[in-house]
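J.: Dropping the structure in here first, questions after.
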Amino acid sequence: MTTTGKMEDAIGYPLRLALPLFAFFLVFFAVPLLILVWMSLHSAPDSADVGFSQYVKFLGDEFSMGVLVSTLWVGVEATLLSLLLGFPLAWAFTKSPGWLRSALMLVILMPLLTSVVVRTFAWIVILGRQGIVNETLISLGLINTPLRLLYTEGGLVVALAQVLLPLMVLPLITALSRIDSNLSDASFALGGGHWRTFFKVTVPLSLPGVMAGCLLTYAAAVTAFITQSLVGGGQKLFMPMYIYQQATSLLDWPFAAAISIIFLGAVLTVVWLFNRLGRLSQGFARA
Amino acid sequence: MSHMNAPAMSRSNVTLDIEALSFKATMLSLAGISIVLLLAPTVIVLIVSFTSDYSLRFPPTGFSLQWYAALTEDAALKLAAWNSFKIAIATTLVSVVLGVAAALSIARSRTLSAQALDQLFMSPLVLPALAFALAALMFFSVMGFPISTTSLVIGHTIVCIPYVIRNTVAALHQLDPALLECSASLGASRSYTFRRITLPLIRPGILAGAFICFMSSFDNVPVSLFLRDAATDMLPIRMWQNLENSLDVTIAAVSGVLIAFTIVLMLLMERLTGLSKRLA
C-alpha cells in the first residue's frame with residue numbers, strides 16, 4: 001500500500017493543474033451554453049417574458065421539423081456508407097505488412113488534415129456539370145446531357161462519407177488490431193468459413209470500435225456546415241445553415257437559440273445512444 | 001493416414017478456397033474503393049489547379065500556371081490566409097499551455113472528478129460547433145465584450161484544445177512509471193523530474209496534438225463565422241464564400257497550396273512524432 005502511495009506521489013500530478021482550463025471552460029463554454037438556453041426562452045430579443053414559445057414554434061412548424069429530420073437522416077446515411085467502406089479498409093490495414101501500414105495510415109490521415117473546404121471543393125469538381133462523372137458518362141455515350149449530381153442528397157451523402165471516412169477508420173483499426181488472431185484461427189479450425197468467421201467472430205468483437213467510429217462520424221456529418229452548404233446546398237436546408245440564417249440574416253436570436261438547443265439535444269441523444277450501445281457491446285466483446 | 005484422407009481433404013479445400021476467395025475479393029475491393037476515394041479528391045484538385053480553362057472542367061483541356069499567378073495578386077485571399085495563420089498560432093499556444101497542464105493532472109488519476117473533467121474537456125468534439133459559436137457570440141454581447149481577435153482565439157481554443165489533451169494523455173499513458181520513480185528515489189525534485197524525464201518523453205505527443213490543433217483552427221469555419229469582427233477575414237470563410245458565389249477556379253490554386261502545405265507538415269510530423277502510429 002505504501003509503495004503504491006509513494007509511486008502515485010512520484011508520478012501523479014495534483015488536480016489543481018487542471019484548474020486554469022476548468023475555469024476557462026466554465027466561463028467560455030458552460031456560461032455561454034446557459035445564456036443560449038436563457039435566450040431561447042424569450043419570445044422576442046428584448047422582451048422580458050419567459051416561456052417555451054420558440055420551441056412550440058419550431059415543433060409545430062412543418063418546415064423546421066423537415067429540416068431537422070433531413071439533417072439527422074443524411075447523417076445516418078453518410079455514417080452507414082462510411083462504415084460499409086471503412087470496415088474493409090480497417091480490416092485490410094490490420095492484415096497488411098508493416099511498410100504498407102505506414103503508407104496506408106498516411107493515406108487515411110491526409111484527408112483528415114486537409115482543409116474541409118478543399119475536400120468539399122474536390123467534390124464540386126467531381127460532381128459538377130463538367131465534372132469527372134459527367135464527362136466520363138458522356139464520353140461513354142451513356143448520357144447526352146450532363147446529369148445534375150451537385151446539390152442532390154445522393155451527392156451530399158457520398159461527399160460526406162468520403163470527407164469523414166478517416167473518423168470512421170481510425171477507431172475501427174484500433175478495435176480490429178486488439179482482437180486476438182487465435183480466435184479466428186480457432187473458428188477456421190472448427191470448420192467456420194471466412195464469411196461466417198467474419199460475421200460471427202470479427203464483427204462482434206469489433207463492435208466497440210464500430211460504435212466509436214459511428215459516433216464520431218455521425219456527430220461530424222450532421223454538423224458539416226461547409227459540405228452541406230456547398231454540395232447539398234441550393235435546394236435543401238440543413239440545421240447548421242438554418243441556425244446561421246436565423247441568427248445573422250434575420251437576427252432572430254431567440255429562435256436561432258431554440259433551434260440550436262433542439263439540434264444540440266438531438267445530437268446528444270444520438271451520442272448517448274451510441275455510448276450506451278458501445279458500453280453494451282464492450283461487455284459483449286469481453287464475454 | 002494422411003495418404004488415405006487426401007481426396008476428402010482436397011475437396012474441402014476447393015470449397016474453402018472459393019469461399020475464402022469470395023470473402024477476400026469482396027473485402028479487398030471495398031478497401032480498394034475506399035483508398036481510391038481517399039486519394040482521388042486530392043489528386044483531382046491538384047490537376048485542376050494547373051488548368052488553363054476558365055471553368056472547373058475535368059479533365060482540363062490544357063495546363064498553365066495562370067491560377068497560381070492570379071493567386072499572388074489576390075490581396076483579399078492573402079490577407080485572409082495571414083489572419084487564419086495568426087489565429088491558429090495563438091490558439092495553439094494557448095491550447096498547449098492550458099491543455100498540457102490539464103492532461104498531466106487527469107491522465108493518471110482515476111478519481112471521479114478527473115474523469116468528469118476529461119468528459120468536459122472532450123465534449124466540444126461531439127457538440128455542434130455552430131451552436132457553441134452562437135452561444136459564445138451571445139455571451140460576449142451580453143457581457144459587453146466586443147468581438148475581436150481575442151474572442152476568436154477563445155472560441156477556437158475551446159473547439160481545438162481536445163486534440164492537445166487527447167494526444168498528451170495518450171503519451172502520458174505510455175510513459176513507464178518506473179522511470180519517474182527512479183528519478184524520485186535518486187533525489188530529483190518533482191520539477192526536475194518533469195523537465196528532464198517526463199517532458200522529453202511526452203514531447204512527441206504534445207507536438208502531434210499541437211499540430212492537429214493548429215490544422216483544425218486554421219480550417220475552422222463555424223466558430224469564426226460568429227466570433228470574427230467584420231475587419232477580420234479568415235481563409236476558409238473567404239474560400240467558402242467565393243465558392244458559394246461562383247465556382248471560382250482561383251480556389252483550385254489556393255487548394256493546391258493548402259494541400260502542398262498539409263503534405264509537407266504531415267511528413268515533417270511523421271518524422272518528428274511518428275504521427276501515423278500515434279493516431280491509430
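J.: When the residues of the stretch A:243-252 are filtered to those that are within 10 Å of chain B (Cβ to nearest Cβ) and surrounded by fewer than 23 Cβ atoms within 10 Å (Cβ to Cβ), which remaining residue is farthest from B:Asp229 (Cα to Cα)?
T.: The residue in question is A:Gln246.
J.: Looking at the stretch B:56-67, which of the residues that are buried (at least 16 other Cβ atoms within 10 Å of the Cβ) and either of a type outside the set (S, T, N, Q) or within 14 Å of chain A (Cβ to nearest Cβ) (or both) is farthest from B:His156 (Cα to Cα)?
T.: B:Pro60
J.: Just one of B:Ser224, B:Ser191 is within 26 Å of B:Ile259 (Cβ to Cβ) and hydroxyl-bearing (Ser, Thr, Tyr); which is it?
T.: Being within 26 Å of B:Ile259 (Cβ to Cβ) and hydroxyl-bearing (Ser, Thr, Tyr) holds for just one of B:Ser224, B:Ser191, which is B:Ser224.
J.: Answer yes if at least one residue in the stretch A:87-100 is surrounded by fewer than 20 Cβ atoms within 10 Å (Cβ to Cβ), touching a Lys or Arg at 6+ places or on another chain (Cβ under 6 Å), farther than 23 Å from B:Ala253 by Cα and not basic (Lys, Arg), and no otherwise.
T.: Scanning the stretch A:87-100, I find no residue that is surrounded by fewer than 20 Cβ atoms within 10 Å (Cβ to Cβ), touching a Lys or Arg at 6+ places or on another chain (Cβ under 6 Å), farther than 23 Å from B:Ala253 by Cα and not basic (Lys, Arg), so the answer is no.
J.: Let me ask something else about it. Would you check which residues across the stretch A:63-79 are free of Cβ contacts under 8 Å to residues at least 24 places away in the same chain and open to solvent by 50 Å² or more (accessible area, probe 1.4 Å) and list them?
T.: A:Phe63, A:Met65, A:Val69, A:Trp73
J.: When the residues of the stretch A:269-284 are filtered to those that are at pLDDT below 75 and under 16 Å from A:Gly213 (Cα atoms), which remaining residue is least open to solvent (accessible area, probe 1.4 Å)?
T.: Checking each candidate, the answer is A:Ser281.
J.: Here is a follow-up. What number of residues within the stretch A:33-62 are buried (at least 16 other Cβ atoms within 10 Å of the Cβ), assigned to a helix (DSSP H, G or I) and not hydrophobic (A, V, I, L, M, F, W, C)?
T.: The number of residues fulfilling the criteria is 4.
J.: Got at least one residue in the stretch B:239-247 being in the same structural domain as B:Asn83 (by TED's automatic domain parsing), in a loop (DSSP other than H, G, I, E, B), over 30 Å from B:Pro146 (Cα atoms) and of a type in the set (A, V, I, L, M, F, W, C)?
T.: Yes: one or more hits.
J.: Considering each of B:Ala135, B:Ala131 in turn, give the residue that is crowded, with 19+ Cβ neighbours inside 10 Å, over 17 Å from the mean Cα position of the chain (by Cα), at pLDDT 95 or above and under 30 Å from A:Ala257 (Cβ atoms).
T.: None of the others qualify; the one that does is B:Ala135.
Table: residues versus (1) buried (at least 24 other Cβ atoms within 10 Å of the Cβ); (2) within 27 Å of the chain's Cα centre (by Cα).
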position	(1), (2)
B:Val142	no, no
B:Ser151	no, yes
B:Asn167	yes, yes
B:Ser183	no, no
B:Arg195	no, no
B:Ile202	yes, yes
B:Arg228	no, yes
B:Thr232	no, yes
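J.: Let me ask you something else. Before we move on, is A:Ser82 surrounded by 23 or more Cβ atoms within 10 Å (Cβ to Cβ) and touching an Asp or Glu at 6+ places or on another chain (Cβ under 8 Å)?
T.: Answer is no for this residue.
J.: Can B:Met215 be described as closer than 30 Å to B:Leu56 by Cβ, at pLDDT 85 or above and buried (at least 22 other Cβ atoms within 10 Å of the Cβ)?
T.: In short, yes.
J.: So, one more: Return only the number of the condition from (1) part of a helix (DSSP H, G or I); (2) touching a helix residue (DSSP H, G or I) at 6+ places or on another chain (Cβ under 6 Å); (3) facing chain B (nearest Cβ under 9 Å); (4) open to solvent by less than 50 Å² (accessible area, probe 1.4 Å) that A:Ala30 does not satisfy.
T.: The failed condition is (2).
The values are calculated or read from the model by the stated rules, or taken from the named source; none is laboratory data. In this text the structure is predicted, and so the values were computed from the model without any measurement. Positions of Cβ are backbone-derived with ideal geometry, glycine not excepted, and every protein chain shown enters the neighbour counts. Only protein heavy atoms, including side chains, enter the accessible area calculation; ligands, DNA and RNA are left aside. Shrake-Rupley method; radii C 1.70, N 1.55, O 1.52, S 1.80 Å.
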